[in-house]
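This report concerns only the one structure given below.
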Amino acid sequence: MRREDLADADCGIAQALGVLGDWWTFLIVRDVAGGTTRFDALQRELGVSRRALTERLAALVEHGVLERRPYSAHPPRHDYLLTARGEGLLPVLIALQDWGTRHLMGDGELTATADDASAEARRVQHLVGRRLPEIVLPGPDGRPVPVARPDEWCVLYLFPGAYAPGVNAYPPGWGDIPGARGCTLESTTYAARYPRFRDLGVRVYGVSTQRPDQLADFTAYAGLPFPLLSDQDGRLAAGLLLPTFRAGGVTRFKRLTMLVDPASVVRAVQFPVTDPAGSVDEMLALARDRTTIPG
């Protein structure tokens, strides 16, 4: 069956493959989601020929997955950015990443953590020195919050899921998933240490894939002095290829923490995090080593 025939089939999968049936196309979407938006940078990252990249970018623009936004008139140059249709592919990228990590690079077991020598750990370590893409996530009240701010350092701690008591939100067997437990302890420890982080000029954000209303309930229950952000649409997870696992029908972050400087560059990471409370003091020490106390 020819590709153009497949694209006309009365099937959503076939229709999608008519647009995305080329592995280079998925990698282009992956890199654009991660903030690589210019032609020369995409070619350098992917190692694809100029002709092949030109053809695939043109097709993605034609199908409404990407849009071109000019950044130079002389000579004419464009950024390639995800449209709303393109952002709809982010959960697909996350699912592919999770499946490949678990079933091809792993033993197929469900886990919320990783080994120090794993491919996931290596990928996370490569985040150091990388600039975060411009991502805005909803806070507990639904209002958008920039993940990184240009005026100060910040800690982003990513966690699988935390819920207020009385909410039946944890899936069956949650306590049996390695690394899943400890989110409440981690958040309340950050709350206790928050004044020390603020003395260093460091802002703290917790991030999970939970809905904003769930985060609002937990924030109120735990009395957190900082906001929890929702990555329920996978912008951060897909943009940075962050380690995830799936439980209870929901994609969830594996526990990971990043220290980000005022230029939105990652300066330190913690992964895997096996001691949720102890990792907070470790991050406080990292922040103290890399920042200057105001005044």
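The values are calculated or read from the model by the stated rules, or taken from the named source; none is laboratory data. Please read all numbers here as calculations on a predicted model, not as lab measurements. All Cβ positions, even for glycine, are placed from backbone atoms using ideal geometry, and neighbour counts span all protein chains on display. Protein only, heavy atoms only, side chains kept; ligands, DNA and RNA dropped before computing areas. Shrake-Rupley method; radii C 1.70, N 1.55, O 1.52, S 1.80 Å.
Observations on the structure shown:
- Near Arg203, the amide H atoms lying under 5 Å from its own belong to Trp153, Cys154, Val155; only residues 5 or more places off or on other chains count, and H is placed 1.01 Å from N.
- Using the Stokes-Einstein relation with a Kirkwood hydrodynamic radius computed over Cα pairs, the translational diffusion coefficient of the chain at 20 °C and a viscosity of 1.002 mPa s comes to 105 µm²/s.
- Take the Cα of Asp141, go 7 Å toward its beta carbon, and the backbone nitrogen atoms of segment 212-228 under 17 Å from that spot belong to 212-221, 223-228.
- Mean separation of Cα contacts under 8 Å (6+ apart) over length of the chain, as relative contact order %: 21 percent
- Divide the volume of the convex hull around the Cα atoms of segment 51-98 by the residue count and you get 88 Å³ per residue.
- Amide hydrogen neighbours beyond the local backbone of Ala247, cut-off 5 Å, H modeled: Arg252
- Mean separation of Cα contacts under 8 Å (6+ apart) over length of segment 59-179, as relative contact order %: 16 percent
- Spacing of the modelled spin labels on Trp174 and Ala84, each 7 Å from Cα toward Cβ, amounts to 3.3 nm.
- Segment Arg130-Trp99, length gained on full extension (0.36 nm per residue, minus Cα span): 8.7 nm
- Protein-only accessible surface order, largest first, of Ser49, Ser264 at 1.4 Å: Ser49, Ser264
- FRET efficiency, 1/(1 + (r/R0)^6) with R0 35 Å, evaluated for Val167 and Trp23 via beta carbons: 0.30
- The tail of the calculated P(r) for segment 105-192, taken as Cα-Cα distances beyond 22 Å, holds 48 percent of the pairs.
- Environment charge of Leu158, counting only residues whose C-beta is closer than 12 Å and scoring Lys/Arg +1, Asp/Glu -1: +1
- Cα-based helix-to-principal-axis angle, 276-290 vs the chain, degrees rounded to 10: 80 degrees
- Label-to-label distance, nm, for residues given as Ala220 and Asp151 (7 Å Cα→Cβ offset): 2.9 nm
- Counting 0.36 nm for each residue step from Arg196 to Ala52 and taking away their Cα separation leaves a gain of 46.7 nm.
- Label positions at Gln43 and Ala119, each projected 7 Å from the Cα along the C-beta direction, are separated by 2.9 nm.
- Hz values of 3J(HN,Hα) by residue in segment 101-107 - Karplus curve (6.51, -1.76, 1.60), Gly and Pro given as x: 5, 6, 9, 9, 9, x, 9
- Panel values: segment 227-268, Kirkwood radius from alpha carbon pairs, Stokes-Einstein at 4 °C and 1.567 mPa s, translational diffusion coefficient 110 µm²/s.
- Taking only the C-alpha atoms of segment 209-287, the Rg (one decimal) and the largest Cα-Cα distance, Dmax (whole number), read 13.7, 37 Å.
- Note on segment 151-295: along the principal axes its Cα atoms extend 49, 31, 25 Å, ordered by decreasing extent.
- About the Cα centre, charge dipole magnitude for the chain (Lys/Arg +1, Asp/Glu -1 at Cβ), debye: 680 debye
- Summing +1 for each Lys or Arg and -1 for each Asp or Glu among the other residues whose beta-carbon sits under 14 angstrom from that of Leu42 gives +3.
- Near Ala58: Cβ cut-off under 14 Å, other residues only, Lys/Arg at +1 and Asp/Glu at -1. The net charge is 0.
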